[in-house]
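Report on one structure; see the data block that follows.
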Amino acid sequence: MISKGLIKDVTAFVLVALLGYLNIAAQDEPIRFQQIGNLEDYSSIDTYCIFQDSKGLIWIGTRMGLDRWDGNHIQSYRFDPSHPQGMPYKGVTGITEDNQNTLWLVSEDGFLFNFDLEKETFNQFTLPWDKDKNWRYYLKIVSYIKYDTSGIVWLGTPQGLVGYHFAQDS
């Protein structure tokens, strides 16, 4: 009679051998990285998030702004407090897109704003929690942003999800 210990040992051996084979077989093609553009083209080399929009453009949230890559060129939108419709905040830590093809962004300070792709302008919003110091603290650590089909922008924070419905201002 075969012992349970022997069955476990043989099973473990077969599993390890199979995983080793799959690992070797999967490494036939080396992973290759290619630098996109020059470092000077980016708003910052410190990247917080990456997002691909519905048109296929790649958006990169950085410590100093927002970068767009169209497959050929980098376009940077840097923080500029003197320009009324320019980049209103420094770090972009989250990016999502609504059904109107507008990008929704959250700054490293927890402020929510959007970018109109057609006009290439930024819009700031004053939300109910912007003046509350407790909320401001938690929104500085937004780890997730998503716009849903009902018009709610969801922010993931250490305290849980925060949703804001712009049409209802709530």
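The values are calculated or read from the model by the stated rules, or taken from the named source; none is laboratory data. Model, not experiment: these values are computed from the prediction. Remember, those area values only see protein heavy atoms, side chains included, never the ligands or the DNA or RNA. Shrake-Rupley method; radii C 1.70, N 1.55, O 1.52, S 1.80 Å.
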Exercise. Residue 118 accessible area, nearest 10 Å², 1.4 Å probe?
Worked result: 150
Problem set entry | With DNA, RNA and ligands ignored, accessible area of residue 78 (1.4 Å probe; Å², nearest 10) | 110
Exercise. Any idea of residue 144's accessible area? Nearest 10 Å², probe 1.4 Å.
Worked result: 120
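Could you order 121, 47, 62 by accessible surface area, starting with the largest, using a probe radius of 1.4 Å?
Working: 121 20, 47 75, 62 0 Å².
Highest to lowest solvent-accessible surface, that is 47, 121, 62.
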